Structure formats: structure tokens, C-alpha cells
Amino acid sequence: MLKFNIYGHKALIVSMFIVITFLSGCNHSDSGENESGNNEPTVLRAVSFNLKNAESNVELWDLRKSAVVEYFVTHKPDVIGVQEADELWTEYLNMQLSDYSLYSVGRDDGANAGESVGIFYNNQKFALIDSGTFWLSDTPEQVSVGWDASTYRISSFVVLEDFVSKKRFAHFNTHLDHKGLNARKNGVELILEKVRSLNLPTLVTGDFNFLERSEVYKTIESNDFIDTKKMATNRDSYSTLNWFIPHFDTGYTIDFIFTQDNFFDVLNYQVSSNETVNYNGEKVPISDHYPVLVDLILK
């Protein structure tokens, strides 16, 4: 398994940022057309993380929650898509992550009840332009269960603008059903339809409950999206599902970050498998999924 020093990647990103900015300046005419910063690259770190809902084991959650915050504080992602964020998680993270704003809607009532697929974004770097949530069903504007899904499933999205470059991008986050094949297939089609309607550079994060060899994965990649693992200059080969077994590579990757290669370059793809907490005398991962981290440049 390949391992990469996270601080080394920070240096790489900064170096590439300087080179790109310099080349931009070389092509910059005396007319001052670049004074607004529109040609400057937006360097972006994104994380997708299925947190494992708190209510399934509150005792373990009490140990895990501070470790999850420490992970975010250490790695400093610009955008975070979380899954299984129930009310305990949402309230706790929103209090702890003071440099972030949160867009979140509970799937059970369109307000706070039930799990959410919330998106945290760095409010020192981005302005929120738009946001929304829709149910993965035939009636996406209503609280509803779609097709053969076992429960409510939603997708939330934000449109963000970089304060410096003024570039905009969309971030969609979801958690597809673990039982219903039609729910996964039709849910992805619905998300792609909404993505196309915005016509923006887009990241799609989530727990998709399918493998890379599945037909639904292929559907996404046939619609101008690519798994960032395939795009990355440096990449980790670790799987994302761990079932709370420490340092266990199950071979099951069901958590993904997809994007378009005509809008983004991907520098680094990492599955963060080293974070653990002590529980009943054993070291266990901080969730039953490992977080997925990518470093990108918005062209």
C-alpha cells in the first residue's frame, strides 16, 4: 500500500500554485484584465466521510467524536461531505468546527430529523451562493422513499465561490441505499440531472454502496465524471470500508469522490486508515468507513 506524507502534499500544492500563478502572470497583458484574480487557480482539499451514526453506539461515539474533529482540524479540508450525520453528530461538529459553515437537512422531515448528508465548507475561503436538498425518489421535492430503497435517501448540494479567484463550483453529497439496486441506479440519474442543470464544475462525494465494477459506477463515469483516484498524480490503493477493524483492508471501496477532468486536476488521493481510538481495550478506527481525502486544482 502506498503511503504519502500529508505535509509533503501541502508543499506540492503550494509549489504548483506558485508555478501556475507565475505562468498566468507571464501571459497577463498591461490591460489589467487579471486584476480581479479570475485567472488564479483555486486549490482545494475535499473529504468524504461516512461518520457512522452516533445513535447506534453512543458510548463509542463519545470516544470517536473528538478524534473525528481532530482529523478535520489536522488535515484542514476546504469542503467536507459527511454521511450518516444524525442530530448528535450535526450538533457536535457544528459547534466544534468554528472555521466552517454547514449546510444540512435531515432526511426524515426536511428539517433536522434523521440522518443528513451535510456539507461543511471553509467560510474563510468560500461564499455560499446556492444550496439545496432533494429526495432520491419520483417526488424529489417531497419527503419520500424512492423505488426499492429501504429508507429515505437524499442528496444535498452547495454552490461556492472562491473569495480570491471568484471561481464557482458545486459540491453534491449523498448516501445511496444499501439494499435497493433500482434506488441506487435511479438516485444517481437524478443527481446527474441536477448537476447538469447547474452547469458548473462539480464534485460529487458520498457513500455510494456500490463497488468500482458495478454498473452504477460505470453510469457515473459515462456521464463525464471520473473517480478522483484514477485522476490523482499520487494515490492510495486502500479500500474504504473497515467494519471497525483496525488497519484492515477489506477490499471493499464504496466511498468515492467524483469530478470532471476538464475542470479539475487531482494531485493527491488518500484513504486515511491510521486514525484510531481505544475502546474496550482495543484500538478501533474512528468510523466503520475510512475518510477519503483528495487535493485538487480548479482550472
- Could you pull out every one of the strands (runs of 3 or more DSSP E) wholly within segment 34-106 that has 1 or more residues that are among the basic types (Lys, Arg)? 42-50
- Message: If a residue must be crowded, with 23+ Cβ neighbours inside 10 Å and among the hydroxyl-bearing types (Ser, Thr, Tyr), how many such residues does segment 264-286 contain?
- Response: 1
- Within segment 248-260, is there a residue that is over 30 Å from Leu63 (Cα atoms), out of contact with any Leu (no Cβ under 6 Å at 6 or more places or on another chain) and either in a helix (DSSP H, G or I) or not small (Gly, Ala, Ser) (or both)? yes
- Query: Among Asp62, Asp138, which is of a type in the set (D, E, K, R), surrounded by fewer than 17 Cβ atoms within 10 Å (Cβ to Cβ) and either touching a residue at least 24 places away in the same chain (Cβ under 8 Å) or within 21 Å of Pro291 (Cβ to Cβ) (or both)?
  - Reply: Asp62
- Output for segment 212-241, where each listed residue is in a loop (DSSP other than H, G, I, E, B) and either farther than 18 Å from Tyr252 by Cβ or in contact with a Ser or Thr (Cβ under 7 Å, 6 or more places away or on another chain) (or both): Glu212, Ser222, Asn223, Asp224, Phe225, Ala232, Thr233, Tyr238, Ser239, Thr240
- Item | Criterion: buried (at least 20 other Cβ atoms within 10 Å of the Cβ) and either within 17 Å of Phe172 (Cα to Cα) or touching a residue at least 40 places away in the same chain (Cβ under 8 Å) (or both) - qualifying residue of Asp207, Asp261, Asp224 | Asp207
- Message: For segment 277-296: of the residues being more than 15 Å from the chain's Cα centre (by Cα) and touching a residue at least 60 places away in the same chain (Cβ under 8 Å), which is farthest from Leu44 (Cα to Cα)?
- Response: Tyr279
- Query: Given the structure, is Val188 under 26 Å from Tyr121 (Cβ atoms), out of contact with any strand residue (DSSP E or B) (no Cβ under 8 Å at 6 or more places or on another chain), crowded, with 19+ Cβ neighbours inside 10 Å and modelled with pLDDT of 95 or more?
  - Reply: yes
- Message: Conditions first: (1) in a strand (DSSP E or B); (2) closer than 21 Å to Asp162 by Cα; (3) within 17 Å of the chain's Cα centre (by Cα). Ile129 passes all but one, so which condition is the exception?
- Response: (3)
- Message: Please verify whether Phe244 is assigned to a loop (DSSP other than H, G, I, E, B), at pLDDT below 95 and more than 19 Å from Gly118 (Cα to Cα), treating the condition exactly as stated.
- Response: no
- Query: With respect to Ser150, is the statement that it is of a type in the set (S, T, N, Q), surrounded by fewer than 18 Cβ atoms within 10 Å (Cβ to Cβ) and free of Cβ contacts under 8 Å to residues at least 60 places away in the same chain true?
  - Reply: yes
- Among (1) farther than 21 Å from Phe169 by Cα; (2) in contact (Cβ under 8 Å) with a residue 60 or more places away in the chain; (3) under 16 Å from the mean Cα position of the chain (by Cα), the one test that Asn234 misses: (3)
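The values are calculated or read from the model by the stated rules, or taken from the named source; none is laboratory data. Here the structure is a predicted model, which means the values were calculated and not measured. Glycine also receives a Cβ, built like all others from the backbone with ideal geometry; neighbour counts cover every protein chain displayed.
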